[in-house]
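The values are calculated or read from the model by the stated rules, or taken from the named source; none is laboratory data. Note that the structure is predicted; figures quoted are calculated from it, not measured. We place every Cβ from the backbone using ideal geometry, glycine too, and count neighbours over all the protein chains shown.
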């Protein structure tokens, strides 16, 4: 007797989004428009300062934006320090900061 096993696999294609900065736009404005923290957008594009008109930015996947409250930790917000740092492009956490969950 032979046993036949079938596997069903769902493939998800993730499309990378790119954006050309318009004249007068800031890093913060572009980040807000795409629902990502400015630090994460800067980290994704290895930016050391402001963006300039015509610059092409890689837009990281958006998520749930949240404003940090007192007493919260990276682990509480994202499950681990590493996950927080990867999602948000920073090791720092402070009250009032906008982060991805």
Open item on the list: I want to confirm something. Restricting to the range 37-62 and keeping residues that are touching a strand residue (DSSP E or B) at 6+ places or on another chain (Cβ under 6 Å) and closer than 19 Å to residue 97 by Cα, which single residue is surrounded by the most Cβ atoms within 10 Å (Cβ to Cβ)?
Closed with: 37
Open item on the list: Take the residues in the range 4-59 that are assigned to a helix (DSSP H, G or I) and out of contact with any helix residue (DSSP H, G or I) (no Cβ under 7 Å at 6 or more places or on another chain); name whichever of them is modelled with the highest pLDDT.
Closed with: 29
- [ ] Output yes when any residue across the range 63-77 is in contact with a strand residue (DSSP E or B) (Cβ under 7 Å, 6 or more places away or on another chain), assigned to a loop (DSSP other than H, G, I, E, B), under 16 Å from residue 18 (Cα atoms) and modelled with pLDDT of 90 or more, and no when none is.
- [x] no
Task: Residue count for the range 78-91, restricted to those that are without any contact (Cβ under 8 Å) to a residue 24 or more places away in the chain and either touching a strand residue (DSSP E or B) at 6+ places or on another chain (Cβ under 9 Å) or in a loop (DSSP other than H, G, I, E, B) (or both) - done: 5
